[in-house]
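Colleague: Got a structure here, written out as structure tokens. Questions coming.
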Amino acid sequence: MSRFSKKERQTYPIRPHHGMCLAFFIGNGYSNGFTAHMQEMLDLFTEGADVRLVMQTDEICSACPNNCEGICEAAEKVKRYDTAVLDECGLKEGQMLAFYEFTDAVQQKIISTGKREEICGDCQWNRICQEQPSRWESK
């Protein structure tokens, strides 16, 4: 149970594919600053935040060295990932939901069904995701 009531909860923009990244995050990242920020965001989200699904750079991207003035250097690839996550989970761009509802959809519709690698197997971090269970699995 969250320590935040529905009224107190902050809503953060999140790219849909980040639901998969956060599932397997183990402290590796593009830079030390990015990794620290990713952990902060994971902690914040799991404490009881709401999310709004967006198809552009989000709060996680804000510390990424591949974020060039609000545009991801891999924009086309991550847009493909985001679109696939929305499609597989039956979600829509702009939709707002509790973070745990979002991660439950990602776990049940993508990770548990074996579709993660089909969606983002060409990601440079794919090996990390292959080598461990999803943190959303135990929910």
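Each reported figure results from applying straightforward, stated rules to the coordinates on display, with no laboratory input. Worth saying up front: this structure is predicted, and the values here are computed from it rather than measured. Because the Cβ atoms are built from the backbone with ideal geometry, glycine has one as well, and the counts that use them run over all protein chains shown.
Colleague: What net charge do the residues around His18 carry, taking every other residue with its C-beta under 10 Å from that of His18, with Lys and Arg at +1 and Asp and Glu at -1?
Modeller: Here the count lands on -2.
Colleague: Once both labels are modelled 7 Å past Cα along the beta-carbon direction, what's the Ile71-Glu101 spacing in nm?
Modeller: The modelled label-to-label distance comes out at 3.4 nm.
Colleague: How far apart, in nanometres, would the label points at Asp122 and Arg9 be if each is projected 7 angstrom from Cα along the Cα-to-Cβ direction?
Modeller: According to this spin-label approximation, the distance is 3.5 nm.
Colleague: Using the Cα gyration tensor of the stretch 82-121, with a ≥ b ≥ c the square roots of its eigenvalues, what is the shape: rounded (a/c below 1.5), prolate (a/b larger than b/c) or oblate (neither)?
Modeller: oblate
Colleague: Counting each DSSP H run of 4 or more residues in the chain as -39500 (n - 2.57), what helix-only mean residue ellipticity at 222 nm follows after dividing by all residues, to the nearest 500 deg cm²/dmol?
Modeller: Calculated mean residue ellipticity at 222 nm is -12000 deg cm²/dmol.
Colleague: In percent, what relative contact order does the chain have, based on Cα pairs under 8 Å that are 6 or more apart in sequence?
Modeller: Once normalised by length, the contact order is 30 percent.
Colleague: Which value, in debye to the nearest 20, describes the size of the charge dipole of the chain about its Cα centre when Lys and Arg Cβ atoms bear +1, Asp and Glu Cβ atoms bear -1, and nothing else is charged?
Modeller: Once rounded to the nearest 20, the dipole reads 300 debye.
Colleague: Oh, and also: Restricting attention to the stretch 57-125, which chymotrypsin sites (Phe, Trp or Tyr not before Pro) occupy a DSSP loop and are surrounded by at most 16 other Cβ atoms within 10 Å?
Modeller: Loop-located and lightly packed - Trp125.
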